[in-house]
There are 2 protein chains.
Amino acid sequence: MILSGSAGHVGELALVRYIRDEFSKGLLRNNLSIGIGDDAAVVRVGGRNLLISADTMCEGVHFDMSFITAYQVGYKLVSVNVSDIYAMGGTPEWFLLTTSFPAGTSETFAQEFLSGINDALNHYGAALIGGDVTSSNSGIVVTGIVLGFADTPISRKGARPGDKIYVTGALGDSACGLELLKKIMAPVAVEKDDGPNMPLPWEIMRPLLQRHLMPKVIRPVFGGCAVSSMMDISDGLALDLRRLCEESGVGAMIYENKIPMSGQMLLSAKFLNKDPLRFSLCGGEDYEYLFTSSADIDTAHYIGDVTDRGLFLIGKDGKSIELMDCGYEHFKT
Amino acid sequence: MILSGSAGHVGELALVRYIRDEFSKGLLRNNLSIGIGDDAAVVRVGGRNLLISADTMCEGVHFDMSFITAYQVGYKLVSVNVSDIYAMGGTPEWFLLTTSFPAGTSETFAQEFLSGINDALNHYGAALIGGDVTSSNSGIVVTGIVLGFADTPISRKGARPGDKIYVTGALGDSACGLELLKKIMAPVAVEKDDGPNMPLPWEIMRPLLQRHLMPKVIRPVFGGCAVSSMMDISDGLALDLRRLCEESGVGAMIYENKIPMSGQMLLSAKFLNKDPLRFSLCGGEDYEYLFTSSADIDTAHYIGDVTDRGLFLIGKDGKSIELMDCGYEHFKT
């Protein structure tokens, strides 16, 4: 069953599930350790764990050229791919790029896009080794493919009741940055103060805009402790925690007052008259990491506990409510 | 310089060249043996040669849903990717898939597409291990990523003057099949006679339609002989031979009367009032292999010789002309 909603359209989670069910039936798994449904696939090659992941960004869905630059699209494409490797406890090594640009795409656009790719790859220490260049008869579609290695890959499946739930950084910044951009409605260079017409002081907005336009992902560290499961937070904590729990066959309880939020996001949310909790739980594109461990880890934020079943949010008033079913899902109808 | 044509638009060959030049400058190459500009990248992993390639297909550019089925798009996506692995002398092992479907895509469409992917992967003995599912705000864009291995990868760079030039099968069938489809203007199931309204007898058209809609690529064999260079013929012999010669720093001379053409293509070209030589040289999507060797090889068609420089076609009349600059190039203006 790959239906989601009522109109006979495919839903993203449902489609991924269908693909996994369908393909795990008949096919050789060819040395596959971890496959569809995780941040990256893991295969054994010559005694090593090779990680592979692919992420696509479509104009009008993942980015809007009215407020992002070609350079930032390139940089972000690399970051979101590298994030999948970090989410498995791995190190990125190689990158492939496929571009589908409309026929009228300018030389300048292509150069700036590639410059963003190049700078990001240098930042993460990965090398571009191939790809495909095609034209598109509609919007820009770019796919990054990243390969890397991990001594001990960390999947989404290992969370056990009693484990603690951690996130690596403040959530909601990117979603809040997107809302600010919708006010600004122009591309913004995050490297410098972009002058007048800014709705809030630059030092408030800059980290939020940067997080949305040109995220730099940071390898999660655990202070030497064992981690039982991990994934990156790309579609909002609520949805991604749901996915992790589903993969592990467990439940979770998280505490509203423990969810890390930046001062800049809280101030901006107030200005925007938006609920900062919704940015943090439902916003997406945080590119922080959600992980579980039985240990006390002081290099990340403890936000809750793994349980047998159910997904609950304990509010600031101490009351438990079902965790909202929100987050960015493609095709959700 | 990434300009091609006159309008400041990026050209495909030029863009690939720019990417290669730009990225080979500053970056670590991270154990890369063969990189951008070949059919697949080759990296060393645990003592093995890992091949990776990615190919994108865009609705309206690579396929037209008015005369291809979702099943065939899926099957073809796998075949064109596997072709890149065969073109390096390799064996495909793993496959990743990214899909960008418009929000209104039906469940049936997605299932049939995945069924084509599944059948093709079974045919080639490769396993789907991951990918990405997103929505698109315009047409369908799908990317296949294939990984495989080769004991001795064969690049495009090794052709030497004096080598013979071979192709593995008849050329022009796919391009001719596309022209027939433009007459039929409806999806065709290639497995069975599709009934009335066919412009030519089914046994004439079927192999040409199959070659275009649902190519099954065949691993090239060389009867134990050494091969100095190879690539797949995806954009037409003329353009692909130009690419191989450019990579190897050589020229070529090919003979019109040695270019293999199927009887079905010759008959259909006559019916369509088209030049069969143009189908064979300029048509594209043949997914046969172009290779060079100093040996006499009887498992493929000898079509010409590697020279120092220049690209020439010796006509049936014995006269030498410059090989036409034709073939499918994205963005060519």
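Quick one: is B:Ile145 surrounded by fewer than 19 Cβ atoms within 10 Å (Cβ to Cβ) and either among the charged types (D, E, K, R) or modelled with pLDDT of 95 or more (or both)?
no
Taking A:Ser136 as meeting all but one of (1) crowded, with 22+ Cβ neighbours inside 10 Å; (2) over 24 Å from B:Phe63 (Cα atoms); (3) of a type in the set (Gly, Ala, Ser), write down the number of the exception.
A:Ser136 satisfies every listed condition except (2).
Going by the conditions given, is B:Ser294 under 25 Å from B:Pro220 (Cβ atoms) and crowded, with 17+ Cβ neighbours inside 10 Å?
In short, no.
Sort through A:Gly169, A:Gly148 and tell me the only one that's assigned to a loop (DSSP other than H, G, I, E, B) and not aliphatic (A, V, I, L, M).
A:Gly169
Could we say that B:Ala103 is of a type outside the set (Lys, Arg), surrounded by fewer than 22 Cβ atoms within 10 Å (Cβ to Cβ), more than 26 Å from B:Leu208 (Cα to Cα) and at pLDDT 95 or above here?
no
Go through the stretch B:275-321 and give me each residue that's in contact with a Phe, Trp or Tyr (Cβ under 6 Å, 6 or more places away or on another chain) and modelled with pLDDT under 95.
Across the stretch B:275-321, the qualifying residue is only B:Gly284.
Any chance the stretch B:155-164 includes a residue that's within 14 Å of chain A (Cβ to nearest Cβ), within 23 Å of B:Val82 (Cβ to Cβ) and either touching a residue at least 24 places away in the same chain (Cβ under 8 Å) or not charged (D, E, K, R) (or both)?
Yes - at least one qualifying residue is present in the stretch B:155-164.
The values are calculated or read from the model by the stated rules, or taken from the named source; none is laboratory data. Treat the numbers as computed from the prediction; the structure is a model and nothing was measured. Because the Cβ atoms are built from the backbone with ideal geometry, glycine has one as well, and the counts that use them run over all protein chains shown.
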